[in-house]
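Accompanying notes for the structure given below.
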């Protein structure tokens, strides 16, 4: 085990994940206000528009964000400033071109998208206006790729927090004045703020190449799109799944039901954003730099998986145990049914925490055909589960399908990558997975055998406390030789330090 590697992972997870936690803290106010002002139907409408944008951005982006980060990370490892400058220019030109083409396509297809999403063409004009967001997001991609490729994790964290603060104020103001009519302006404003906040940081990282010819940019663009098309295909399938799920819910059960679904989905997103955004920001560039070193890559995957499990475990247990209270605090009593959906979403999020470090291996190696095949199989299974579970259990079934898919995907992708690339989980990863299953089983047993809510919440709190202690000690064992981490530990009160690491120090 490498303490320096663990330190890098923990630092990036703390910065990016911490910024996401702050964003969610800021977003709590926004969520509460939106729930009160718009109700379940309004929240459901926001969810449908967001799904449309995600799908359209995936198609128009052609995987440029991921392929661009990989190329810039590789160029940085070669210390070639001219190549870096050429790549930045090519990415900027290609991103804007794709954004404009995507916006035109979405505007022309708006009536058909409206009919597919809502069952009629009533939202066609609103969707056409949303096409502007694609251009803004394309500009943001061209900026964020450089920031992420240079692994400016602190800058990414600051951009995220500042953007969240500004957009929260703007969105609340628009919803308060315009109600549901403010949804489209709010989505446009959020994209514009992201562009403006990241522009200054990205500008400092720009390298002006000696060769700025369009022919050179075209040569780089061909390579970027060669990998990007496969990534876009996989991402399209990935985003198509929630779009189909939400459209199915809207058509069969209405916007109120979709609002309840979105409430549970958004809360579970806290953990997805906390862990997975850190992986995307720092882990993928690091993995790309060692993509030709099998042993180093294998260690990198295992270390990232360990930190992901330890970071996610206590929070997932806590929100699962207190789901009804969490829904009541963050939303309103009208969203109470979302508490039944939330545990299944959280189970699926934990599956993603384990899956993503493995899935990134395929992209880091540039094996685009394999990535496309994996995504095709995964999404096909997921859609089958959604239709089957939804027909059996309704709204709850859509959440169950998410949890089942991501849980079953873990052993499947592991077996495949083990055979193809020789990837193997370490004994530490297997141990942590077993511990998670034991904690989850214990929490489930408490819910089954306990009728009293007071006793259930009391025992659940004790179990969550034990998980926090376990994860803290596991992190300390991996980081004990890291100088900065040791300084932080030594500043803790003696009693707390003894509780957290006393038994380990004695060893």
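Tabulated values for the structure
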quantity	calculated
Unique residue being under 30 Å from residue 150 (Cα atoms) and outside any helix (DSSP H, G or I) when the list is 79, 56, 90, 73	79
Residue 106 being surrounded by fewer than 21 Cβ atoms within 10 Å (Cβ to Cβ), within 27 Å of the chain's Cα centre (by Cα) and on the phi < 0 side of the Ramachandran plot	no
Boolean, residue 226 is surrounded by fewer than 20 Cβ atoms within 10 Å (Cβ to Cβ), on the phi > 0 side of the Ramachandran plot, in a helix (DSSP H, G or I) and touching a residue at least 24 places away in the same chain (Cβ under 8 Å)	no
Residues (surrounded by fewer than 17 Cβ atoms within 10 Å (Cβ to Cβ) and over 22 Å from residue 353 (Cβ atoms)) located in segment 397-419	419
So residue 8, is it in contact with a helix residue (DSSP H, G or I) (Cβ under 8 Å, 6 or more places away or on another chain), assigned to a helix (DSSP H, G or I), at pLDDT below 65 and surrounded by 19 or more Cβ atoms within 10 Å (Cβ to Cβ)	yes
Candidates 75, 90, filtered to the one that is surrounded by 15 or more Cβ atoms within 10 Å (Cβ to Cβ), at pLDDT 85 or above and under 22 Å from residue 289 (Cα atoms)	90
Residue match in segment 253-265 (condition: over 26 Å from the mean Cα position of the chain (by Cα) and surrounded by 14 or more Cβ atoms within 10 Å (Cβ to Cβ))	yes
Residue check for residue 186: surrounded by 18 or more Cβ atoms within 10 Å (Cβ to Cβ), over 19 Å from the mean Cα position of the chain (by Cα) and under 17 Å from residue 42 (Cβ atoms)	yes
Selected residue (criterion: modelled with the lowest pLDDT) from residues of segment 153-163 that are surrounded by 20 or more Cβ atoms within 10 Å (Cβ to Cβ) and more than 13 Å from residue 199 (Cβ to Cβ)	153
Wholly within segment 373-479, helices (runs of 4 or more DSSP H) carrying at least 3 residues that are farther than 24 Å from residue 325 by Cβ and free of Cβ contacts under 8 Å to residues at least 24 places away in the same chain	395-421, 427-449
So residue 307, is it crowded, with 24+ Cβ neighbours inside 10 Å and either in a helix (DSSP H, G or I) or touching a residue at least 12 places away in the same chain (Cβ under 8 Å) (or both)	yes
Qualifying position, being closer than 15 Å to residue 429 by Cβ, modelled with pLDDT of 90 or more and in a helix (DSSP H, G or I), among 354, 319	354
Flag for residue 343 being under 20 Å from the mean Cα position of the chain (by Cα), assigned to a helix (DSSP H, G or I), modelled with pLDDT under 95 and under 22 Å from residue 309 (Cα atoms)	yes
The listed residue being over 21 Å from residue 132 (Cα atoms) and touching a helix residue (DSSP H, G or I) at 6+ places or on another chain (Cβ under 6 Å), out of 228, 182	228
Within segment 203-223, considering residues that are touching a helix residue (DSSP H, G or I) at 6+ places or on another chain (Cβ under 6 Å) and under 30 Å from residue 52 (Cα atoms), the one surrounded by the fewest Cβ atoms within 10 Å (Cβ to Cβ)	220
Flag for residue 287 being assigned to a helix (DSSP H, G or I) and under 30 Å from residue 78 (Cβ atoms)	yes
So residue 18, is it buried (at least 17 other Cβ atoms within 10 Å of the Cβ), part of a helix (DSSP H, G or I) and either touching a helix residue (DSSP H, G or I) at 6+ places or on another chain (Cβ under 8 Å) or modelled with pLDDT of 80 or more (or both)	no
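The values are calculated or read from the model by the stated rules, or taken from the named source; none is laboratory data. Quick caveat, the model's predicted, so the values are computed rather than measured. Here Cβ is always computed from backbone atoms with ideal geometry, including for glycine, and neighbour counts include all displayed protein chains.
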